[in-house]
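A short write-up of the structure that comes next.
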Amino acid sequence: MKQFFTLFAVFGTLMVNAQPDPIGNFNKHVIEKWTHDYIRVSQYRVKGSPYLLGESFNGDITMKTGVVTVDKKILYDIYDQKVGVDLDKKFVAPDGEVSGFFIQLPEAIGGEKLNFINASNLPKVNLKGYLNVLADGSKFAFMRQYKIRLVADPAEMYSKDIKLFEQYYDYYIYNRSSSTLTKIKLKSKDVLEVLGDAAANTKENLSTVLGVRLAVEAINK
């Protein structure tokens, strides 16, 4: 299974909040230019990769025991919501439960440092997997979860046994006072229902990631 390859040459200039959109460009690459092996998932042959953006990135992993694995190549399997270390292009799971991790994206795809926590760290939350923390504070946190769905391959529309890994996000707001995690759409109505009137007073565009992030940061001050 050959899933590790250089993506930088194929990323275009599509911008989201003044940064490249790695997920969108990766999905486009899988549809148009994927030349690697298919992965067997149940009865399907699946094109693409279960790993975030199809490869490993530099980062750290922190275990719930407090042990930290520093400056390693980190693989984040978003299909099964597992994180591990890339050793000779093989996924190696850590020994024990992961509390959180971060990965550093290269400058060619935005250069963003992505911080993740285990959703089980949040009181009263039953969501499985990891959440990328976009903004955090004493009142609210704004997070997203990277996910994968199996969709029809546009290049193989008449092949019933062929699918494609499509990577995408779900967005959430966590209310620390009530310990509730609410899934939202990036729409002002959805965000205001969760954050209340305080968000309306920030005058941010709440239909964007940047707008919600700024609103949450303002409320937490």
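Looking across region 33-44, the residues that are in a loop (DSSP other than H, G, I, E, B) and free of Cβ contacts under 8 Å to residues at least 60 places away in the same chain come down to Trp34, Thr35, His36, Asp37, Ser42.
Would a scan of region 163-182 turn up a residue that is acidic (Asp, Glu) and either loosely packed, with under 15 Cβ neighbours inside 10 Å or within 26 Å of Leu75 (Cα to Cα) (or both)? Yes. Would you confirm whether any residue within region 146-160 is among the polar types (S, T, N, Q), in a strand (DSSP E or B) and assigned by TED's automatic domain parsing to the domain that holds Gln43? Looking through region 146-160, none of the residues is among the polar types (S, T, N, Q), in a strand (DSSP E or B) and assigned by TED's automatic domain parsing to the domain that holds Gln43.
This table checks each residue for (1) within 17 Å of the chain's Cα centre (by Cα); (2) surrounded by fewer than 15 Cβ atoms within 10 Å (Cβ to Cβ); (3) outside the structural domain of Leu164 (by TED's automatic domain parsing); (4) at negative phi.
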| site | (1), (2), (3), (4) |
| --- | --- |
| Tyr79 | yes, no, no, yes |
| Asp88 | no, yes, no, no |
| Glu97 | no, yes, no, yes |
| Leu105 | yes, no, no, yes |
| Ala108 | no, yes, no, yes |
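Here region 45-72 is the region considered, the condition is being surrounded by fewer than 17 Cβ atoms within 10 Å (Cβ to Cβ) and under 30 Å from Glu32 (Cβ atoms), and the residue that is modelled with the highest pLDDT is Asn58. Report yes if some residue within region 171-180 is aliphatic (A, V, I, L, M) and in contact (Cβ under 8 Å) with a residue 40 or more places away in the chain; otherwise report no. Checking region 171-180: at least one residue is aliphatic (A, V, I, L, M) and in contact (Cβ under 8 Å) with a residue 40 or more places away in the chain. At pLDDT below 90 and either of a type in the set (Gly, Ala, Ser) or under 17 Å from Asp170 (Cβ atoms) (or both): does that describe Gly96? Taking the combined requirement at face value, the residue does not satisfy it. Residues in region 126-155 that are over 18 Å from the mean Cα position of the chain (by Cα) and in contact (Cβ under 8 Å) with a residue 24 or more places away in the chain: Gly137, Ser138, Lys139, Phe140, Asp153, Pro154, Ala155. Whether a residue is among the charged types (D, E, K, R), touching a residue at least 60 places away in the same chain (Cβ under 8 Å) and in contact with a strand residue (DSSP E or B) (Cβ under 7 Å, 6 or more places away or on another chain) was assessed, and Lys47 passes this test. Evaluate the following for His36: is it of a type outside the set (Gly, Ala, Ser), in contact with a helix residue (DSSP H, G or I) (Cβ under 7 Å, 6 or more places away or on another chain) and either modelled with pLDDT of 80 or more or surrounded by fewer than 19 Cβ atoms within 10 Å (Cβ to Cβ) (or both)? The answer is no for His36. Among the residues of region 195-218, none qualifies, meaning not one is assigned by TED's automatic domain parsing to the domain that holds Pro50 and over 27 Å from Lys33 (Cβ atoms). Looking across Lys163, Lys113, one residue alone is basic (Lys, Arg) and over 19 Å from the mean Cα position of the chain (by Cα). It is Lys163.
The values are calculated or read from the model by the stated rules, or taken from the named source; none is laboratory data. Everything numeric in this text was worked out from a predicted model, so none of it was measured. Every residue, glycine among them, receives a Cβ derived from its backbone with ideal geometry; neighbour counts consider all protein chains shown.
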